[in-house]
Each structure stands twice: as C-alpha cells, then as structure tokens.
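Remarks on the structure that follows.
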C-alpha cells in the first residue's frame, strides 16, 4: 500500500514509469509537524524532499534572534539546502514546517546513485534548478526594486489564501518588513 501511495503522489511530477519507480524506491514517506525542521541551520544536510502536503519556509536566523524568511515552499515542490549538500558543508538556513506536513524524503547518496546510472535525472535536476534559479532571481528583483506595497500585492497573488495558514510575523519576514507595516498594508488594501 505504501508504494501505491508513493506512486500516486510522485506521479504529480509527470515522470516516465521507469523513473517514477526509481524515485519511489529511494524515497521515504515522512510526516513533519508544524514548527519542526527538515534541515537545521548548521547541519550538514544529507537529504532533500518532495512536499506532498503542507508549507515550509527557508529561514535565516541572525545571532540576535531575528529571523529572515528567504522563501516559502508549498506543495508539489522540492525542499533542500542543495548547495550545502553539494559541498558537504553546513546549511546557512533552516527549513521549517509552517504547518503539519507530508513529504517524500530522498537520501542524497541514493539520489547521486540513480543520477549516475540514468542520465534522465541530470536533465530532471537541471529543470528543477532552473525553476529554483528563476524563483530566486525574481525574488531578489522584487526585494531590491519594488516597494513593500507592490511586494505584498505579488505575495497575495502568488500565495492565495496563505494568510490563513501562516502567521503575520512570517509573512512580514518574507516581505522584508515589520509586522506593523504589514498590518498597515492589509488595512490599506481592504479600504
């Protein structure tokens, strides 16, 4: 039954049957509860995951305790600290579950093995990394060039109904503003 469940969720990736089976064979179904970490800052990550259900955030924590939300990751996306895995170094950020979540976890060594045996996975990886690069580039442009009001408009359009799932503190952190500023933006938008 577990393999059927796995296959049905991983099927969302649109993979050919052979590759779907390969990925299912190296993935493990896991539940991560709200507030727990998939990867912690300072940890050398050895895993990545496909998000089936739930939300995660990539969060930097300053030595003074201030948090900066780098990204919010929703269902049907991958989570990892990929550069830290590649270089076998500590992750600079944490990957935190913002709500109870279901994932398919993939061990990095197993991933490297299937990638080495089947060239399909290199093309798949390039596709995933291109998507991540475009998201990162867009986010940087928004943070550097757009005002808070415009960033909030984009956030609401890209993450409809997320405000019911995530605290205002985290949304403000993602937008690069203080919670009070977010409250003002929300009031202004409603009027």
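Laboratory data are not the source of any read-out in this text; all were calculated from the coordinates shown. Just so we're clear, the structure is a prediction, and the values are computed from it rather than from any experiment. Neighbour counts run over all protein chains shown; Cβ positions are idealised from the backbone, glycine included.
A few remarks follow.
- C-alpha long axis of helix 17-26 to longest principal axis of the chain, angle in °: 80 degrees
- Global geometry of the range 2-117, whether rounded, prolate or oblate, following the gyration tensor of its Cα atoms and the 1.5 cut on a/c: oblate
- Part-to-part distance (alpha-carbon centres) for the range 92-116 and the range 132-163, which is given in Å: 25 Å
- The helix-only estimate of mean residue ellipticity at 222 nm for the chain, built from DSSP H runs of length n ≥ 4 each weighted as -39500 (n - 2.57), is -15000 deg cm²/dmol after division by the residue total.
- Hull volume per residue, based on the alpha-carbon atoms of the range 80-191 and their convex hull, is 137 Å³.
- Axis angle, to the nearest 10 degrees, between helix 179-190 and the longest C-alpha principal axis of the chain: 80 degrees.
- On the basis of the beta-carbon distance and an R0 of 25 Å, residue 131 and residue 178 show a calculated FRET efficiency of 0.25.
- The order of the peptides 86-98, 26-38 by mean Cβ neighbours within 10 Å, most packed first, is 86-98, 26-38.
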